[in-house]
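Report on the following structure.
The values are calculated or read from the model by the stated rules, or taken from the named source; none is laboratory data. All values derive from a computational prediction rather than experimental measurement. Cβ sites come from the backbone with ideal geometry, for glycine too, and all protein chains shown count toward neighbours. Surface areas here come from the heavy atoms of the whole protein model, side chains and all, with no ligands, DNA or RNA. Shrake-Rupley method; radii C 1.70, N 1.55, O 1.52, S 1.80 Å.
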Amino acid sequence: MAGKVFFSVTMSLDGFIAPEERTDDPDAQRWTAQWIELQQWLLPQRFLRENLKIGEGGEEGRDNDIARETFERTGASVMGKRMFDLGEPSWPEEAPFHTPVFVVTHEKRDPWERPGGTTFHFVNDGIEPALDRAREAAGDRDVRIAGGGATILEYVNAGLIDEFSIALSPVLIGSGIRLFEGVDAGRVALEPVRAEPSPRVTHLTYTVRER
């Protein structure tokens with residue numbers, strides 16, 4: 001039986017999932033500082049440190065469990081070209097997905113295989129063919145729409161998301177990429193599944209259905 005299609009993001013209290021890129025900040029110092037603040041719940045977790053091979057130790061607890069559960073349920077991922085372009089120079093050689101990743105793009109490119117089980121496949125004919133290929137690759141596991149925000153929104157507006165989770169972080173960014181900017185609110189309805197507070201963030205999970 002096919003798994004779910006979901007996304008999982010961290011969002012600031014004022015609704016942003018990434019800071020605004022500033023052309024007057026060539027070293028991206030402000031962007032990086034805001035991103036680290038936004039992700040402060042995730043970066044210290046033991047699972048993340050293990051997955052990125054950045055050393056032993058790290059925090060354990062419900063935040064760590066959620067990070068691990070999200071990874072373990074994912075059989076394949078889909079992302080937009082912009083997210084791939086931002087990640088390609090910064091991911092370690094053993095990219096952190098360890099599953100097939102389907103990149104929605106207009107660029108024609110051969111698959112890019114990385115150590116540790118991650119292979120990036122480049123899909124040129126739209127979001128639905130990318131999802132079809134991801135479903136096939138994932139088998140009975142779930143497909144994660146990894147991002148960025150514009151790609152997530154395309155899948156939401158197309159009615160292709162079954163469930164999503166937000167780690168609501170107690171920070172204010174002020175400007176940047178809003179998760180639901182441009183959502184087709186007339187066709188999307190949400191049903192709460194659970195809310196789990198932790199010392200760092202509140203984890204919110206919703207199922208998605210058509211109105």
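Amide H neighbours of Q45 under 5 Å, at least 5 residues apart or on other chains, H built in the peptide plane: list them.
Those qualifying (amide H under 5 Å, at least 5 residues apart or on another chain) are E59.
Search the structure for amide H atoms under 5 Å from the amide H of A76, placed 1.01 Å from N in the peptide plane, and list their residues when 5 or more places away or on another chain.
Close amide H contacts, sequence-distant or interchain: R144.
Among A167, P100, G80, whose Cα lies farthest out toward the positive end of the dipole of the range 66-211, if unit charges sit on the beta carbon of Lys, Arg (+1) and Asp, Glu (-1)?
My answer, from the dipole projection, is A167.
What percentage of the solvent-accessible surface of the chain, computed with a 1.4 Å probe over protein heavy atoms, is contributed by carbon and sulfur atoms?
The value for the chain is 50 percent carbon and sulfur by accessible area.
Amide H to amide H under 5 Å from F122: which residues, 5+ apart in sequence or cross-chain, H placed 1.01 Å off N in plane?
V103
Based on DSSP, what percent of beta bridges with both residues in the range 75-211 are antiparallel, to the nearest 5?
55
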